Amino acid sequence: MRPTLGVLFVCLGNICRSPTAEAVMARRIADAGLADAVWVDSCGTAAYHIGSPPDRRAQRAGAARGYDLSPLRARQLQADDFSRFDYLLAMDAANLRAIQAIAPRGHRGEIRLLMDCATAPAVREVPDPYYGAGDGFAEVLDLVEQATEGLLGVLQARLTG
Ligand code: 4NP
């Protein structure tokens, strides 16, 4: 049976932040026994990296916490995502605006910032780690783990409520 709720994580390139969020949330869903009820995917608002696997740095940072990003491949946000998904969650304000800019009138999916799902978010955006040095990818994981914990609660409430 097709899962009830669909969640789409959206960043710019779909090779750093949103595949990380997809892998982290997939684990939370499996651990919560909700694999039959919730499905996840990710995409980018830009076309630069279509078909590419996640950035090596994102794969390495994810693997260090037990997340396997290697099977994922980048794709671009498309019109039918607005009807296929219940939630379209943007990593930052620029991508939130890019999603809203192409959202069809009367679309089904709820468009929000991912960090707004965290119960006590210290920041509103997941910073783009692509050009940065250092710990950007670990910070992405910290923020995504925090936000997806809140997101799981939102989905559980919706499924039981
Ligand atoms: P992402 O990171 O949006 O988290 O996947 C980026 C990936 C690629 C580029 C920018 C951000 N880029 O400019 O190619």
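Condition (residue is among the polar types (S, T, N, Q) and either outside any strand (DSSP E or B) or farther than 20 Å from LEU88 by Cβ (or both)) applied to segment 29-43: is it met by at least one residue? Before you say what the answer is, go through the steps one by one.
Of all residues in segment 29-43, those among the polar types (S, T, N, Q) come to 42.
Adding the requirement that they be either outside any strand (DSSP E or B) or farther than 20 Å from LEU88 by Cβ (or both) leaves none.
No, that holds for no residue.
Looking at VAL154, VAL126 in this structure, which one is part of a loop (DSSP other than H, G, I, E, B) and either within 14 Å of the ligand (Cβ to nearest atom) or of a type in the set (A, V, I, L, M) (or both)?
On the way: VAL154 fails: part of a loop (DSSP other than H, G, I, E, B).
Answer to the selection: VAL126.
Cβ-Cβ below 7 Å, separation at least six or inter-chain, first residue in segment 82-106 and closer than 25 Å to VAL123 by Cα and modelled with pLDDT of 95 or more, second assigned to a loop (DSSP other than H, G, I, E, B) and among the polar types (S, T, N, Q): which pairs?
ASN95/THR45; ALA98/THR45; ILE99/THR45
Is it the case, given these coordinates, that ILE50 is more than 11 Å from the chain's Cα centre (by Cα) and over 29 Å from THR160 (Cβ atoms)? Break it down stepwise before answering.
Numbers: more than 11 Å from the chain's Cα centre (by Cα): yes; over 29 Å from THR160 (Cβ atoms): yes.
The answer is yes for ILE50.
Any idea which residue in segment 53-85 is nearest to the ligand (Cβ to nearest atom), counting only those that are in a loop (DSSP other than H, G, I, E, B) and touching a Lys or Arg at 6+ places or on another chain (Cβ under 7 Å)? Walk me through how you get there before you give the answer.
Taking segment 53-85 as the starting set, the residues that turn out to be in a loop (DSSP other than H, G, I, E, B) are 53-55, 65-75, 77-80, 85.
Imposing the further condition that a residue be touching a Lys or Arg at 6+ places or on another chain (Cβ under 7 Å) reduces the set to 53, 67.
Details: PRO53: 12, TYR67: 15 Å.
Going through the qualifying residues, I end up with PRO53.
Which members of segment 2-19 meet the condition of being in contact with a Leu (Cβ under 6 Å, 6 or more places away or on another chain) and part of a helix (DSSP H, G or I)?
Correct list: PRO19 only.
When you look at THR45, is it within 12 Å of the ligand (Cβ to nearest atom) and over 16 Å from GLU139 (Cα atoms), yes or no? Give the derivation first.
Details: within 12 Å of the ligand (Cβ to nearest atom): yes; over 16 Å from GLU139 (Cα atoms): yes.
The answer is yes for THR45.
Filter segment 19-35 down to residues that are under 25 Å from ASP128 (Cβ atoms) and touching a Phe, Trp or Tyr at 6+ places or on another chain (Cβ under 9 Å), then give me how many there are. Show your work before the answer.
In the first step, residues of segment 19-35 are kept if they are under 25 Å from ASP128 (Cβ atoms); the result is 19-28.
Now drop any that are not touching a Phe, Trp or Tyr at 6+ places or on another chain (Cβ under 9 Å), which leaves 19-27.
Of the residues in segment 19-35, 9 are under 25 Å from ASP128 (Cβ atoms) and touching a Phe, Trp or Tyr at 6+ places or on another chain (Cβ under 9 Å).
The values are calculated or read from the model by the stated rules, or taken from the named source; none is laboratory data. Owing to the predicted nature of the structure, the values given are computational and were not obtained by experimental measurement. For neighbour counting, all protein chains shown are included, and Cβ atoms are generated from backbone atoms with ideal geometry for every residue, glycine included.
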